[in-house]
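The values are calculated or read from the model by the stated rules, or taken from the named source; none is laboratory data. In this text, all values refer to a predicted model and were calculated from it rather than measured experimentally. Here the Cβ positions follow ideal geometry from the backbone for every residue, glycine too, while neighbour counts run over all protein chains shown.
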Ligand SMILES: [Zn+2]
């Protein structure tokens with residue numbers, strides 16, 4: 001979190017993006033400002049067309065009708081880029097998180113220079129096609145990132161200590177922010193999805209990896225070295241199979257897509273390549289030798305990750321997403337029993353929402369990062 005270093009204007013914009021439209025009074029209270037300072041902060045932003053006053057709302061009772069402040073949908077355009085090992089996904093969105101245009105391209109050269117120039121050309125092409133020039137770029141990838149700027153390690157690209165944000169800014173002239181993909185996704189879900197207004201809010205993703213993002217008061221918890229939420233290798237069941245780096249029965253070994261496919265292939269005596277999660281979840285396959293056990297154990301591992309997270313954070317809401325939610329849907333009872341079994345006897349149950357997953361969400365998460373970056377520049381007027 002770096003909320004302390006932001007200007008008042010940036011904080012006002014970020015609040016209106018992450019919480020939605022609100023009255024001057026509510027905004028001032030949220031930012032801890034007097035009515036006079038709130039007015040002084042907001043006025044230049046209204047004059048610049050970044051914030052607009054919505055038509056008056058009758059609140060009932062005595063007093064003037066309230067006019068809510070909101071970020072103007074046309075005030076900014078941001079680009080969000082999600083990098084995978086072999087593909088790049090890109091979107092342009094407005095400040096309300098609405099996707100204006102999208103694209104995806106194969107990632108052939110994966111060195112940092114080639115990826116930088118590919119991102120620059122994709123962003124330029126989207127700008128031409130949409131007629132909207134982006135104000136900032138956000139990039140998300142399955143990696144630890146420090147200070148929204150430097151990719152510490154991205155094993156799938158062979159990167160170490162890559163100053164990606166600076167490279168993109170040099171190539172495009174635009175401000176850029178980089179973050180771990182799950183953290184960025186959590187942002188988008190907290191600002192534009194089911195997590196809006198919930199604090200703390202937690203997102204758990206199940207798929208190629210297992211990760212989580214925690215958002216407190218509209219701000220994501222990144223951790224000191226960018227690794228907060230790296231729960232994938234936590235031990236779940238020491239009698240389980242090992243992950244690719246040798247942990248017996250870690251969450252990733254049991255509940256990642258690759259882990260599930262590997263264990264199922266062993267039971268079925270076939271090649272991993274012949275299987276998919278979707279195929280394994282079909283009723284015919286689930287009756288097959290050992291597949292049901294593998295899937296049930298995976299759902300239990302997912303439940304243990306979510307239940308443990310709840311015990312530490314006590315969030316208002318947990319959203320579970322990623323391609324692995326099909327597994328949780330199919331074994332909902334196993335999953336829920338595990339989550340509930342980890343609940344402290346005096347703690348109230350926390351709602352867990354399964355969110356259908358579309359791959360675009362990753363890029364939209366990256367766009368949320370770009371929006372955060374935009375508020376820093378735009379709010380400084
Ligand atoms: Zn592991």
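Checking the structure you have, find out if any residue of the stretch 175-184 is more than 16 Å from the ligand (Cβ to nearest atom), in contact (Cβ under 8 Å) with a residue 12 or more places away in the chain and more than 15 Å from the chain's Cα centre (by Cα).
yes
So is residue 177 within 20 Å of residue 324 (Cα to Cα) and touching a strand residue (DSSP E or B) at 6+ places or on another chain (Cβ under 7 Å) or not? Please lay out each step first, then the result.
Working: within 20 Å of residue 324 (Cα to Cα): no; touching a strand residue (DSSP E or B) at 6+ places or on another chain (Cβ under 7 Å): yes.
Here the answer is no, as residue 177 does not meet what is asked.
Let's see how each residue does on (1) in a loop (DSSP other than H, G, I, E, B); (2) on the phi > 0 side of the Ramachandran plot; (3) out of contact with any helix residue (DSSP H, G or I) (no Cβ under 6 Å at 6 or more places or on another chain):
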{"residue": "215", "(1), (2), (3)": "no, no, no"}
{"residue": "224", "(1), (2), (3)": "yes, no, yes"}
{"residue": "227", "(1), (2), (3)": "yes, no, yes"}
{"residue": "231", "(1), (2), (3)": "yes, no, no"}
{"residue": "240", "(1), (2), (3)": "yes, no, no"}
{"residue": "254", "(1), (2), (3)": "no, no, no"}
{"residue": "293", "(1), (2), (3)": "no, no, yes"}
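For the stretch 105-157, list the strands (runs of 3 or more DSSP E) that sit wholly inside it and hold at least 3 residues that are at pLDDT 95 or above and in the same structural domain as residue 87 (by TED's automatic domain parsing); which are they? Steps first, answer last, please.
Details: elements: 136-141, 144-146, 150-154.
Strands (runs of 3 or more DSSP E) meeting the threshold: 136-141.
Test residue 280 against the stated conditions and say whether it is buried (at least 21 other Cβ atoms within 10 Å of the Cβ) and more than 30 Å from residue 216 (Cα to Cα). Working first, answer last.
Values: buried (at least 21 other Cβ atoms within 10 Å of the Cβ): yes; more than 30 Å from residue 216 (Cα to Cα): yes.
Yes: the conditions hold for residue 280.
Among the residues of the stretch 215-236, count how many are more than 9 Å from the ligand (Cβ to nearest atom) and either within 19 Å of residue 299 (Cβ to Cβ) or at pLDDT 95 or above (or both). Step through it out loud before you land on a result.
First, pick out the residues of the stretch 215-236 that are more than 9 Å from the ligand (Cβ to nearest atom): 215-231, 236.
Subsequent filtering for residues that are either within 19 Å of residue 299 (Cβ to Cβ) or at pLDDT 95 or above (or both) retains 231, 236.
Count: 2.
Would you check which residues across the stretch 64-102 are farther than 26 Å from residue 377 by Cα, surrounded by fewer than 16 Cβ atoms within 10 Å (Cβ to Cβ) and in the same structural domain as residue 179 (by TED's automatic domain parsing) and list them?
If the condition is that a residue be farther than 26 Å from residue 377 by Cα, surrounded by fewer than 16 Cβ atoms within 10 Å (Cβ to Cβ) and in the same structural domain as residue 179 (by TED's automatic domain parsing), then 85, 86, 87 are the ones that fit.
Could you count how many residues in the stretch 237-262 are crowded, with 17+ Cβ neighbours inside 10 Å, more than 10 Å from the ligand (Cβ to nearest atom) and within 15 Å of residue 206 (Cβ to Cβ)?
So the answer is 4.
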